[in-house]
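*Asks:* Here it is: the structure, laid out below.
What follows draws every value from the coordinates through simple rules; no lab data is involved. Given the structure is predicted, the values throughout are model-derived calculations rather than measurements. We place every Cβ from the backbone using ideal geometry, glycine too, and count neighbours over all the protein chains shown.
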Amino acid sequence: MNVETLRQVPLFESLDDEATHELCDLLENLDCKAGAVLFRAGDEGDAMYLIEEGKVRICVRAKDGHEVTLTELHRGDFFGEMALLDGKPRSADARVAENA
């Protein structure tokens, strides 16, 4: 991800040039195919994710075992930050819905 793309994300738009470049240096690009699981409910939250392209579904399991989609995220959306902020395990699954 480059600086220009990062600045389009509302969470990071107010960062100054130095902070934006430092953050870019920390980012790791992941190429994910549809169906890939990024994390599951209960996993430790050790990263947050920013979608540069593709789609990701955030899902939970209902009591009867079927999967319920809470939201579908797209380019520019971010997710996974809550586990970093509160230190609690992931509360839902994140699955790639369209190559990302």
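*Asks:* With springs connecting C-alpha atoms under 10 Å apart, model the chain as a Gaussian network and identify which of Ala62, Ala47, Ala83 has the largest mean-square fluctuation.
*Replies:* Among Ala62, Ala47, Ala83, the largest GNM mean-square fluctuation belongs to Ala62.
*Asks:* Highest mean first, what order results for 8-18, 90-100 on Cβ atoms within 10 Å?
*Replies:* Result, highest mean first: 90-100, 8-18.
*Asks:* On to the next question. To check my understanding: the extent here is largest minus smallest coordinate of the Cα atoms along each principal axis. What are those three numbers for the chain, in Å, largest first?
*Replies:* 49, 29, 19
*Asks:* Now, a different point. For the Cα atoms of the chain, what angle does the longest principal axis make with the long axis of helix 17-26, in degrees from 0 to 90, nearest 10?
*Replies:* 40
*Asks:* Among Lys33, Lys55, Lys63, which comes first, then next, by fewest other beta-carbon atoms within 10 Å? Display every interim value, and only then the final one.
*Replies:* Working: Lys33 10, Lys55 17, Lys63 5.
Sorted ascending by nearby Cβ count, the order is Lys63, Lys33, Lys55.
*Asks:* Leu73: net charge of surrounding residues, Cβ under 10 Å, Lys/Arg +1, Asp/Glu -1, itself excluded?
*Replies:* +1
*Asks:* Any chance you could run the full-extension gain for Asn99 through Asp17? It's 0.36 nm times the residue separation minus the Cα-Cα distance, nm to one decimal.
*Replies:* Net length gain for the segment: 26.5 nm.
*Asks:* Taking the Cβ of each residue in Cys32, Cys24 as the centre, tally the other Cβ atoms inside 10 Å and list the residues starting with the fewest.
*Replies:* Cys24, Cys32
*Asks:* What FRET efficiency would be calculated for the residue pair Asn2, Val60, taking the C-beta separation as r and a Förster radius of 35 Å, to the nearest 0.05?
*Replies:* In this case the efficiency is close to 0.55.
*Asks:* Measuring from the lowest to the highest alpha carbon on each principal axis, how far does the stretch 16-68 reach, largest first, in angstroms?
*Replies:* Dimensions of the stretch 16-68 along the principal axes of its Cα atoms: 49, 22, 15 Å.
*Asks:* Extending each Cα 7 Å along its Cβ direction at Thr71 and Asn29, get the distance between those two points in nm, one decimal.
*Replies:* That separation, rounded to one decimal, is 2.6 nm.
*Asks:* A further question on this structure: What residues qualify as long-range amide H neighbours of Arg75, i.e. H under 5 Å apart, gap of 5 or more or another chain, H built at 1.01 Å from N?
*Replies:* Excluding prolines and chain starts, which carry no amide H, the hits are Gly54.
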